[in-house]
Structure formats: structure tokens, C-alpha cells
Amino acid sequence: QVQLVESGGGSVQAGGSLRVSCAGSGRTSPVYVMAWFRQAPGKEREFVAGISRTPIRTSYSDSVKGRFTISRDNAKNTVSLQMNSLKPEDTAVYYCAHRDGTLIVADENEYPHWGQGTQVTVSS
């Protein structure tokens, strides 16, 4: 079983930056993908970014491309999301997710393991 714990997040004004991180623990395949999803009030959860372990590849949603950067530390089993130039529409609960394999997919149903979520609020 894989356990994921998010940290970071918080509140910031538009144009500011925040960083969220996710620490993974438990038994996992040596080849896996970690991703960030988000869910705004009244909306469905959506894919934000993902990163594969081997080989290292990244994928971003169009709405965050160029503003957000996903990274991972394999030695520490952590993945982080650096969020710059934040907009009010980035306000959401951000979730870390994990799936075995090398393919980064945007379908939340393909990720069996999830963190509890962390709130990110961007004010105008």
C-alpha cells in the first residue's frame, strides 16, 4: 500500500508563488508516476501535472503550462509542484496521486493512491 501526504499550499495574492509537496511511503513498484490534480468548489477534479520516475518525463495541463513546474526527489520519495504567476482560478484543493508504470495519464481513475489534499487559495 502507498501512503501520500501533502504539505505546503496556503493563501497568496494573484501573481504570487506557492509550493506544494507530497511525501510517499509504503510498498511501491520501482517504476511509477506521481501527479497533481486539483478540485475547485463545484467543479470536477482535474489533472494539473505529472512526472514519471524512469525515464523522467513531465506533463502539464494547458492551463498551468509555463507557470507550474513539477519535480521529484527519488531518494526521498517526494514530488513537488512549484506554482508561479498564480491566478484566482488556480484556487482549489490540490491532491497528490500515484500510479505504477511509466505512462502519465490525466484520468484520475487510473490513480489508485491519493493524498488527503491541501488547500491553495489565490486572491485577486
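Here are some notes:
- Close amide H pairs (under 5 Å, H built 1.01 Å from N) link residue 28 with no residue at least 5 positions away or on another chain.
- Surface accessible to a 1.4 Å probe, residue 123 within the full protein complex, Å²: 50
- Surface composition of the stretch 51-106: carbon plus sulfur atoms hold 49% of the accessible area, using a 1.4 angstrom probe and ignoring ligands, DNA and RNA.
- Dipole in debye (nearest 20) - the stretch 17-74, about Cα centre, beta carbon charges: Lys, Arg +1; Asp, Glu -1: 80
- P(r), alpha carbons of the chain - 10 Å bins starting at zero, rounded %: 14, 50, 29, 6, 0
- 1.4 Å probe accessible area per residue over the chain, in Å²: 50
- Note on the chain: with charges restricted to the Cβ of Lys and Arg (+1) and Asp and Glu (-1), its dipole about the Cα centre is near 320 debye.
- Computed over the stretch 1-53, the convex hull of the alpha-carbon atoms projects to a mean area of 4.9 nm².
- Counted charge near residue 45, where neighbours are those whose Cβ lies closer than 12 Å (Asp, Glu -1; Lys, Arg +1): -2
The values are calculated or read from the model by the stated rules, or taken from the named source; none is laboratory data. None of the values given here were measured: they were computed from a predicted structure. We place every Cβ from the backbone using ideal geometry, glycine too, and count neighbours over all the protein chains shown. The area values use the complete protein model at the heavy-atom level, side chains included, leaving out ligands, DNA and RNA. Shrake-Rupley method; radii C 1.70, N 1.55, O 1.52, S 1.80 Å.
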